[in-house]
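S.K.: Have a look at the structure that comes next, please.
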Amino acid sequence: MAEPFAVPTPLDNHLIRALSAEARDRILPHMERVDLALGQVLYESGDAIRYVYFPVDCIVSLLYVMESGASAEISVVGNEGLLGVSIFMGGESTPSRALVQSAGSAFRLPARRLLDEFNRHGDLLQLVLRYTQALLTQMAQTAVCNRHHTIDQQLCRWLLLSLDRLQGNQLVMTQELIANMLGVRREGVTEAARKLQKLGVIEYSRGRITVIDRPNLERLSCECYGVVRKETHRLLPYLSPAD
């Protein structure tokens, strides 16, 4: 008899799990599970933030969108953290678009409830500030990577960051969406993916990417992935090397 699928809980988010029992008891009653679809927009640039989101098995991309409609990803958020850091950094809106990169579940919390807990100056404050520093590191490294490294290297970095936030070795993602994330032409992503497939690193079919040789994928990536991963684990001790 097949095992039933596990029902996601807020504790599947590493940041929530790292909170003290007292802090969790204060916020868990106000959290609501939401199912997020691929391509769903959670925030647009300039939107007031009503909820913060804690992903459990989905990935959300933060994108900067130009007046022309062109966009590029500046960071990814998964089960290591939360979406909506602007709310406790003194702002009530966000300058970026939040787009679901990989479908799944998250738990949302009214922004006011997060601020209430933040203002207690307890462990949530320390955790989310350290998470924000890790997020800023990722944003800075992404900017450097997009300027100085090849599309091939950028794709490797992007795949690795995505895999770190998912269970398993498979992503459901079209090449067109990847191109929009990286801010490059689709043809460039197609060629880069073809090279990785020829090397036996990935298999790509009908919008489904399966990584079959992660060690080689890490070797082919630029140093940006390693910088982000090292800093993330330094700042967020609740993430074990296996996460």
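We did not get these values from a lab; they are worked out from the coordinates using the rules stated. What you are looking at is a predicted structure, and each value in this text was computed from that prediction instead of being measured. All Cβ positions, even for glycine, are placed from backbone atoms using ideal geometry, and neighbour counts span all protein chains on display.
S.K.: Between Lys195 and Ala140, what length comes free when the chain is fully extended (0.36 nm per residue of separation minus the Cα-Cα distance, one decimal in nm)? Intermediate values should be presented prior to the final figure.
M.R.: Details: separation 55, 0.36 × 55 = 19.80 nm, distance 2.72 nm.
17.1 nm is the gain from fully extending Lys195 to Ala140.
S.K.: Here's another thing I want to ask about it. Among the chymotrypsin sites (Phe, Trp or Tyr not before Pro) within segment 1-87, which fall in a DSSP loop and have no more than 14 other Cβ atoms within 10 Å of their own Cβ?
M.R.: Phe5
S.K.: Continuing with the same structure: What's the FRET efficiency of Arg186 with Leu125 using the Cβ-Cβ distance as r and R₀ = 35 Å, to the nearest 0.05? Kindly include the intermediate steps, with their values, before the conclusion.
M.R.: Numbers: r = 42 Å, r/R0 = 1.21.
For R0 = 35 Å, the calculated efficiency reads 0.25.
S.K.: Counting only residues 5 or more places away or on other chains, whose amide H sits under 5 Å from the amide H of Ile202 once H atoms are built in the peptide plane?
M.R.: Here the answer is Gln197, Ile212, since their amide H atoms fall under 5 Å of that of Ile202.
S.K.: Decide, for the chain, between rounded, prolate and oblate: order the square roots of the alpha carbon gyration tensor eigenvalues as a ≥ b ≥ c, take rounded if a/c falls under 1.5, and otherwise choose prolate if a/b is larger than b/c, else oblate.
M.R.: Verdict is prolate for the chain.
S.K.: Using the Karplus equation 6.51 cos²θ - 1.76 cosθ + 1.60 (θ = phi - 60°), what ³J(HN,Hα) coupling, rounded to whole Hz, does each residue of segment 45-52 give in order, writing x for Gly and Pro?
M.R.: 3J(HN,Hα) across segment 45-52, in whole Hz: 4, x, 5, 6, 8, 9, 10, 9.
S.K.: If I stretch the segment between His149 and Glu32 completely, what's the gain in nm (0.36 nm per residue apart, minus their alpha carbon distance), one decimal?
M.R.: On the way: separation 117, 0.36 × 117 = 42.12 nm, distance 4.01 nm.
Full extension from His149 to Glu32 adds 38.1 nm.
S.K.: Among Ser221, Ser102, Ser45, determine the one that fluctuates most according to a GNM of the chain built with springs between C-alpha atoms less than 10 Å apart.
M.R.: Taking springs between Cα atoms under 10 Å, the residue moving most is Ser45.
S.K.: Can you sort Phe107, Phe118 so the residue with the fewest Cβ neighbours within 10 Å comes first? Let's see the in-between values first.
M.R.: Numbers: Phe107 25, Phe118 16.
Final ranking by Cβ density, sparse to dense: Phe118, Phe107.
S.K.: For segment 34-57 and segment 143-184, what is the separation of their C-alpha centers, rounded to whole Å?
M.R.: 20 Å
S.K.: Another question, if that's okay. ³J(HN,Hα) across segment 223-230 via Karplus (A = 6.51, B = -1.76, C = 1.60, θ = phi - 60°), whole Hz, x for Gly/Pro?
M.R.: Those phi angles translate into 5, 4, 4, x, 4, 5, 5, 4 Hz.
S.K.: Which order do Tyr131, Tyr238 fall in if you start with the one that has the fewest other Cβ atoms within 10 Å?
M.R.: Details: Tyr131 22, Tyr238 16.
The order, fewest Cβ neighbours first, is Tyr238, Tyr131.
S.K.: What is the local net charge at Asp57, summed over the other residues whose Cβ is closer than 12 Å to its Cβ (Lys, Arg +1; Asp, Glu -1)? Working shown, then result.
M.R.: On the way: positive: Arg33, Arg165; negative: Asp12, Asp35.
The answer is 0.
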